[in-house]
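The values are calculated or read from the model by the stated rules, or taken from the named source; none is laboratory data. Quick caveat: nothing in here was measured; it's all calculated off a predicted structure. Cβ placement follows ideal geometry from the backbone for every residue including glycine, while neighbour counts extend to all protein chains displayed.
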Amino acid sequence: MKKQKINGRSFWYYKIPLILVIFLVLINIWIYIHEVEAGIAMSGIVLLYSITVIVLYRYVKTRRVQEMIEFAEDYAHVQKQLINDIELPYGLMDHTGKIMWMNNELERIIEDNTFKYIFTLFHEITEESLKFEGDKKTFNIMYKDHYYRMDIDMLLFDEDFKEASDNNENIIAFYLFDETETVRLKKEIVDQKMVAGLIYLDNYDDALQSVEDVRRSLLGALIERRINKYFASMKAVVKKLEKDKYFVAIQQKYVSQLQSSKFSLLDEIKTVSIGNEMAVTASIGLGVNGESYVQNCEYSRIAIDLALGRGGDQAVIKDGEKIYFYGGKTRQVEKNTRVKARVKAHALRELLETKDKVIIMGHQLSDIDALGAAVGVYRICKTINKRAYIVLNEVTTSLRPMLERFTGNDEYEEDLFIQSPQAIELVDGNTAVVVVDVNRPSYVECPELLHKGKSIVILDHHRQSSEVIENASLSYIEPYASSASEMVAEILQYIHDGVKLKQAEADALYGGILLDTQNFTNGMGVRTFEAAAYLKKNGADVSGVRRLFRDGVDDIKARAEAIKNTEIYEGKYAISVLNAVELDSPTVVGAQAANELLGIRDICASFVVTYYSGKSYISARSIDELNVQIIMEKLGGGGHMNIAGAQLECDTAEAVQTLKSVLDDMIKNGDLPA
C-alpha cells in the first residue's frame, strides 16, 4: 500500500512544533554557558516539551490523516453525486468516440444506453471531427426533434495518471445545451420579417386594346381581385400603386409557400379573360433579408427590374446577394410602340454629347450582331462629331469578311478597331463606354473598362441574369428585340435628323439581324422587318450579306459530323459534341449545328458542346416549346428563350455529363417536359 504523505500548508502546520524544539535546545545551550543551574532547570522544561510534542505529533498526525481521508471520500461522493444529478447533460468518451460514462440527465435524453459510440448517437459527429488541436470544439446537432449545442472538451491529466493508465490518450468530455427554444425564437423572428414585393402587369395596355371600351374596367377589376385573393391567405398587405402596378408586404415565412407553388399567381393572372385576345402577364419582384425595410424595398425594385429585363412573365427574389428566378417559360410579347426607343435615343445623344470620346465593345468572341451594333453606335458618334473606337480582341473566321469592309478603308480611321490594352490607356473621365450585345460584365471584351469608365451605356437584347453591370448611366435592355443590331437600327432613326449610313455599316447591321434571326426564321417581330427595311433604304446589300454568310467546306464537314454523332436524350433533347480543333471559329460552327438539330422531329431543344481555348462552349437552341435560357442559367450562362449558351471550365465529356444532370434535375422538378 502506498504510504500517505502530508504536503502543502498542512505539512508546515505539523513541522512548526518540531522546529520550535530545536530552537529551545539552542537557547538551553546558550543558558548553560552563562548559568549552569539555570541551564539544568531549562533542560528539564525542554525535555518535557519535546516528549509532549513527539507524542502529540505521532497521535495527531495519524488521526488527522484519517480525518482528511474520510473528508476526501465524503467530498468525492458528494461531487460525484452532484455531477450525476446535475441537469446539464454530460458524458465521457475516449479518443475513438466510445462512450465511457453518462450522467443521469444525458441518460434521460437518450433513453437507450445500447449506444456504444457517439457517431451512432449523433450523426453530426464524425470520427475525424474528434481529431482536433486545442481544448474545445462546438457542434450543432439535432436529436429527437431537439436542437442542441454540443461542446467537446479535452480532459488533460498529469504524467502520473498517464503512466498509471493503460493508454496515453486523454479522456474527452462532452456537454449538451438544449437550444430548441432559442432556435424556435430565432426562426420566429426571421419568419415575421417583412418582405417587400412589387407586381407589374407586363402588357396591360396592349391587352386592353383588344377589349370593348365598356368592359375594360372589368379586366382590371378581375386581375386586382385575383391578386388580392391569392395573397389573402398570407395575411398580406396589397396596395395598388397604378393601374398596372401593385405593392405587396408579407411575412417572410410565406416566401417558401410562394416558392413551392412556383408563383402560381403568374399562371392565374393569365387565365383572366373577358374576351381579350391577348393574355395578361405579370412580373413579380420580392426583396428578402435586407438589413431594414427600406433595403427590402430596394431589393424588390432591383428584382422587378430583373424580371422585366428578362422579358417579364416571371418572378425574381433578391435575397441579399443571392437571386432566384421562377417562371419565364413563355415567349415575351413584342412591344409595338417605339416610344421607349425614342426616349432612349434622346438620352443616349445627350450623354454622348457631354463626352470627348466613346469606346464601344461587345462580347468576347464577337459575332456579326455585336459588330453591327458597334458600327451603328460608331455612326451615331460620328454624326454628333465624337471620336469613337471599337474594342475587338479576337477576329473569328465568320467575322473577318465583314470586318475587311472597314479595315483598310479610307472612309474609316486606321485605329477604329483597337484591343483591350489600348482601350484601357484611352479611357478617362470624359470617355463614355458603350456596351452592345451583352449585359454580363464577365462576358465583355474588356471588363477593366467597366471599372475605369465613369459613364457606362448598355444596349442589349439578351435577358438579364443575376450578374449585371452596375452603375450604368443608361441601360436599354429589350429581350423582345431579335438582335442588338435591330435595337441600334431603331435608335439611329431617332438620334439625329438625316442620319445617313454608309453601305458597309448598313450591311453590318443587316447581317447582325440576319444572324440572330437565323435568316428571318426565328425571334423576329414586326419591328424586326421595319428595321430591316430601314437598313435596305440606307443601301444594305441583301444578297451581298447572304454571300458573306457562306461557310467553308471544313465547316460544313465538321457540322455534318456533329449532326451524325447526335445523341437523343430522354426522347426530346438532341445533344452532340463538335470535335473541330482545326477550325478557326468552332463555336460558330457549333451554333450552326445546334440550329440544324432543331429540324429533327419531336426534338424540343438541341445542345452542341464545342471545346475551344480551354473551355467547353454549349450552344442551346429551341423552337418556342421550352426556354433554353433557364437551362443555361443553371450552368452559369444565359441568353434568350430560344437561343442561349454557357461556358464551362472542363472538357466536353464532363460538360455533356453536367448538362444531362441539369436536364434530369429540371425534369424531376417539373421545369422541363419528361
Q | Tabulated pairs, the stretch 287-299, first among the hydroxyl-bearing types (Ser, Thr, Tyr), second buried (at least 18 other Cβ atoms within 10 Å of the Cβ) and in a loop (DSSP other than H, G, I, E, B), C-beta under 7 angstrom, 6+ apart or interchain | A | Tyr299/Gly290
Q: Looking only at the stretch 651-667, count how many residues are surrounded by fewer than 16 Cβ atoms within 10 Å (Cβ to Cβ) and among the small types (Gly, Ala, Ser).
A: 2
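Can you pull out the residues in the stretch 187-215 that are part of a helix (DSSP H, G or I) and under 30 Å from Asp313 (Cα atoms)? Before the answer, list the steps.
Initial filter on the stretch 187-215 (part of a helix (DSSP H, G or I)): 187-191, 204-209, 213-215.
Once the filter is applied, which keeps residues that are part of a helix (DSSP H, G or I) and under 30 Å from Asp313 (Cα atoms), the stretch 187-215 yields Val190, Asp191, Tyr204, Asp205, Asp206, Ala207, Leu208, Gln209, Asp213, Val214, Arg215.
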Q: Kindly indicate whether any position in the stretch 356-368 is hydroxyl-bearing (Ser, Thr, Tyr) and either outside the structural domain of Ala484 (by TED's automatic domain parsing) or more than 22 Å from Gln518 (Cα to Cα) (or both).
A: no
Q. What number of residues within the stretch 593-614 are surrounded by fewer than 22 Cβ atoms within 10 Å (Cβ to Cβ) and within 20 Å of Ile368 (Cα to Cα)?
A. 3
Q: Considering only the stretch 328-366, state which residues are at pLDDT below 90 and of a type in the set (Asp, Glu).
A: Glu334
Q.
Just to be sure before I move on: is Tyr246 buried (at least 18 other Cβ atoms within 10 Å of the Cβ) and of a type outside the set (A, V, I, L, M, F, W, C) in the structure I sent?
A. yes
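Could you pull out the residue among Leu266, Leu241 that is over 19 Å from the mean Cα position of the chain (by Cα) and surrounded by 15 or more Cβ atoms within 10 Å (Cβ to Cβ)?
On the way: Leu241 fails: surrounded by 15 or more Cβ atoms within 10 Å (Cβ to Cβ).
After applying the criteria, what remains is Leu266.
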**Q.** Total residues in the stretch 525-572, condition outside the structural domain of Lys660 (by TED's automatic domain parsing), crowded, with 17+ Cβ neighbours inside 10 Å and hydroxyl-bearing (Ser, Thr, Tyr)
**A.** 2
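Give the stretch 260-282 a look and list any residue that's closer than 18 Å to Asn228 by Cβ and among the polar types (S, T, N, Q), or say none. Quick ask: steps written out before the conclusion?
Initial filter on the stretch 260-282 (closer than 18 Å to Asn228 by Cβ): 261, 263-272, 274, 280, 282.
Listed by number, the residues that qualify are Ser261, Ser264, Thr271.
Looking for whichever is under 18 Å from Ala196 (Cα atoms), part of a helix (DSSP H, G or I) and among the β-branched types (Val, Ile, Thr) here; the options are Ile227, Ile250. Which one fits?
Working: Ile250 fails: part of a helix (DSSP H, G or I).
One residue alone meets the criteria, Ile227.
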Q: Residue by residue through the stretch 454-474, note down the ones that are of a type outside the set (A, V, I, L, M, F, W, C) and crowded, with 22+ Cβ neighbours inside 10 Å.
A: Asp460, His461, His462, Arg463, Gln464
**Q.** Residue among Lys245, Lys229, Lys239, Lys262 that alone is modelled with pLDDT under 90 and not aliphatic (A, V, I, L, M)
**A.** Lys262
Q) Where residues in the stretch 271-327 are of a type in the set (S, T, N, Q) and surrounded by fewer than 17 Cβ atoms within 10 Å (Cβ to Cβ), which of them is modelled with the lowest pLDDT? A) Ser273
Q. Of Gly571, Gly552, which residue is out of contact with any Lys or Arg (no Cβ under 7 Å at 6 or more places or on another chain) and in contact (Cβ under 8 Å) with a residue 60 or more places away in the chain?
A. Gly552
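Give the number of residues within the stretch 615-630 that are under 16 Å from Ala591 (Cα atoms) and either surrounded by fewer than 23 Cβ atoms within 10 Å (Cβ to Cβ) or of a type outside the set (Phe, Trp, Tyr) (or both). Quick ask: steps written out before the conclusion?
Going residue by residue through the stretch 615-630, those that are under 16 Å from Ala591 (Cα atoms) are 615-623, 628-629.
Retained after the next criterion (residues that are either surrounded by fewer than 23 Cβ atoms within 10 Å (Cβ to Cβ) or of a type outside the set (Phe, Trp, Tyr) (or both)): 615-616, 618-623, 628-629.
Result for the stretch 615-630: 10.
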